[in-house]
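What follows is a set of notes on a single structure, which appears directly below.
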Amino acid sequence: MRFTRLLAVFVCLYSVMAHAILEVTVLKQDEEAFPIVIAPFEVVGNAKQGQEIANIMRDNFNRSGEFNASSSKDVINAEVDYDKWRSQKTEALVYGKIEKVNKKVFKVKVHLLDIYSSKELYTKEFSVHNSGIRRIAHYLSDQIYEALLGEKGSFYTRLSYITVVNKERGKREYRLEISHSDAQNPQTILVSSSPILSPAWSPDQKKIAYVSFENGRSEVFIRYPFVRRKTQKLPYFDGISSAPSWHPDGQSIALTLSKKGNKDIYSYHLKDKKLTRLTFDNSIDTEANYSPDGDSIVFTSNRSGQVQVYIKNLITGKIKRATFAGTYNAKAVFSPDGKQLVMVHRVDKDYRIALLDIKTKDLIIMTNNSLDESPYFSPNGNMIIFATNKKNQGVLSVVSLLGRETFELASKAGEVREPNWSHYSR
Amino acid sequence: MIKIVILSASVVLLSACSTIEEFVSKITGEPDVVTVEDRRGATQENIIAQDNSSFEVQNYSGTNAVVKDAVTALKEEGVVFVLHFSYDGYEIDEKSTKEIIKHANFMRDNPQVNLTLSGHADERGTREYNLALGENRALSVKEILGLYDLTTRVEVISFGEEKPISQAHDEQGWQQNRRVEFIYK
């Protein structure tokens, strides 16, 4: 009995230590989804790591919710029997070969076949360093996705998020983390006993802006996760400094600053170190997000007496209210094509994720929970990641634009929140 | 009040280790050995220790013993150090105004003390909006203190929904968390 309890404590501790790794759960496998077979790669020489490529690609396609990816029993290295694959209702087939060139370098060749037209849709041959295996798998996933669906995938990208773990004596540990799009390769960028909020990838994916309370109040910082460079603190007045959003050119950041109690949105030019005020109302204006062309910002304001979403055209200076349905709409973010907004929308007593067509004003409620927040588009705009509560635990959830839940990211040790999806790697 | 804090904290702790049972059953093959009562009993001890140190609202921060004694005396008089607000609201009601006036008089009587007002929100709605909302709540209190010419001695800090007193996801918990705290130094 005592032993069991000790063991339980040990297991719990162990899971706290390993908390950086998020568990990925694919929620629904749609039977209608595109059937694709990704065969195990032919391995020449001792290229064990090579097997990883096919596995990662399969997981990617299954997570997307748009594909039903499976493996094949055998390696494919000879003439492909199209009739056999047709009879198995496979629509596309991926196979390849990995060969060890030297200790650290592999040669990879990949083929994508369209089974119905008996045609090769894509093939590529290249050399890859041992450390680049995962990235290559994501890159190839994007290429294959595009060859099949005619639009870009969102696999060769990164996520950032905040984890919160309860520690002894009521203390909490906050971590700013980044990972690949499949939540693998997690890296901790910052550990703090104070809250961290609103991480945002820069358009070049080299910097992260975020809000931290490490100095006792909310301040916006910029950190460089991949190079040794000093963390930069953005200026503020006498109140809150928060809600960073990158301009698409990466040169400036919109943020919320409180001056003599009035919270407005400002744009800070990083090189010129110049602040430009973008909103002038006495009410709360916050949660700015730039349109993909950089010509507008969407933001949250209570200027009408209710919390609603507004769009300011930065060229004409005109402000238009964007949301009319519901009594609470906040934290809106533009879709990559600039035509839609995703936001937090209150339905009765619940806070859910909703999608708004800016032109037609059609609002679609995407989720079914009670405390959803921080929605963000995948870079191709086909998925929305957001934070929610499942069994009293903060998790990240992803829905496809068709409203289908696709996958969930959870930490055994604590809460995961505030997701942000990077742009494409360059 | 204390009871509620303990209960909600135990929920947090249990949920952090929600996989224990699963793990234990996998490892020992005897899932019946660990009963729910056992685990509750084991965690409660820890939580009481937690409660004393962290969830208590601090009304004083600093090293000045004179100020500390004065604040303790004020608290013993029954003056309220935490004001509560309505959903999405930052208006001060009459009852709160009376308490703020007591604090104003205290500050006038004790010119050496300075005050930090920390503004908080419940978990509903977005974190960034709640950060702004928490600041407005603290600013509403500061505005009344300003009528007593105390503006320069009052600092406002917002924590939004980041420092909840209650972890409960219900109206009772939310009501406790929509607040402004008085911290003297």
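The values are calculated or read from the model by the stated rules, or taken from the named source; none is laboratory data. Please read all numbers here as calculations on a predicted model, not as lab measurements. Neighbour counts run over all protein chains shown; Cβ positions are idealised from the backbone, glycine included.
The criterion of being away from every other protein chain (no Cβ under 11 Å) and assigned to a strand (DSSP E or B) does not hold for A:Ile162. The residue that is nearest to A:Val164 (Cα to Cα), counting only those in the range A:196-216 that are in contact (Cβ under 8 Å) with a residue 24 or more places away in the chain and at the interface with chain B (Cβ under 9 Å from one of its Cβ atoms), is A:Leu197. Name, by its number, the condition in (1) surrounded by fewer than 21 Cβ atoms within 10 Å (Cβ to Cβ); (2) in a loop (DSSP other than H, G, I, E, B); (3) of a type outside the set (Val, Ile, Thr); (4) under 18 Å from the mean Cα position of the chain (by Cα) that does not hold for A:Ser179. Unmet condition: (2). Applying the criterion of being farther than 21 Å from A:Leu197 by Cβ and touching a Phe, Trp or Tyr at 6+ places or on another chain (Cβ under 9 Å) to the residues of the range A:278-292, the residue that is nearest to the other protein chains (Cβ to nearest Cβ) is A:Ser291.
All conditions but one from (1) touching a strand residue (DSSP E or B) at 6+ places or on another chain (Cβ under 6 Å); (2) part of a helix (DSSP H, G or I); (3) at pLDDT 90 or above apply to A:Arg86; the one that does not is (1). Applying a threshold of 8 Å to beta carbon distances and a minimum spacing of six or more residues, or different chains, the list of pairs starting in the range A:165-180 at a residue that is at the interface with chain B (Cβ under 7 Å from one of its Cβ atoms) and ending at one that is crowded, with 18+ Cβ neighbours inside 10 Å and part of a strand (DSSP E or B) reads A:Asn166/A:Arg172. Scan the range A:370-378 and tell me whether some residue there is within 11 Å of chain B (Cβ to nearest Cβ), more than 16 Å from A:Gly326 (Cβ to Cβ), touching a residue at least 12 places away in the same chain (Cβ under 8 Å) and among the polar types (S, T, N, Q). Yes: the range A:370-378 contains one or more residues that are within 11 Å of chain B (Cβ to nearest Cβ), more than 16 Å from A:Gly326 (Cβ to Cβ), touching a residue at least 12 places away in the same chain (Cβ under 8 Å) and among the polar types (S, T, N, Q).
A:Gly394 meets all of the listed conditions (1) touching a residue at least 60 places away in the same chain (Cβ under 8 Å); (2) away from chain B (no Cβ under 14 Å) but one, namely (2).
All conditions in (1) under 30 Å from A:Ile284 (Cα atoms); (2) part of a strand (DSSP E or B) hold for A:Asp238, with the sole exception of (2).
Of everything in the range A:214-267 that is of a type in the set (Val, Ile, Thr) and in contact with a strand residue (DSSP E or B) (Cβ under 8 Å, 6 or more places away or on another chain), the residue that is surrounded by the most Cβ atoms within 10 Å (Cβ to Cβ) is A:Thr256.
Inspection of the range A:185-203 identifies at least one residue that is in contact with a His (Cβ under 6 Å, 6 or more places away or on another chain) and farther than 26 Å from B:Pro164 by Cβ. Quick one: in the range A:77-128, of everything that is under 17 Å from A:Pro40 (Cα atoms) and of a type in the set (Gly, Ala, Ser), which residue is surrounded by the most Cβ atoms within 10 Å (Cβ to Cβ)? The residue in question is A:Gly96.
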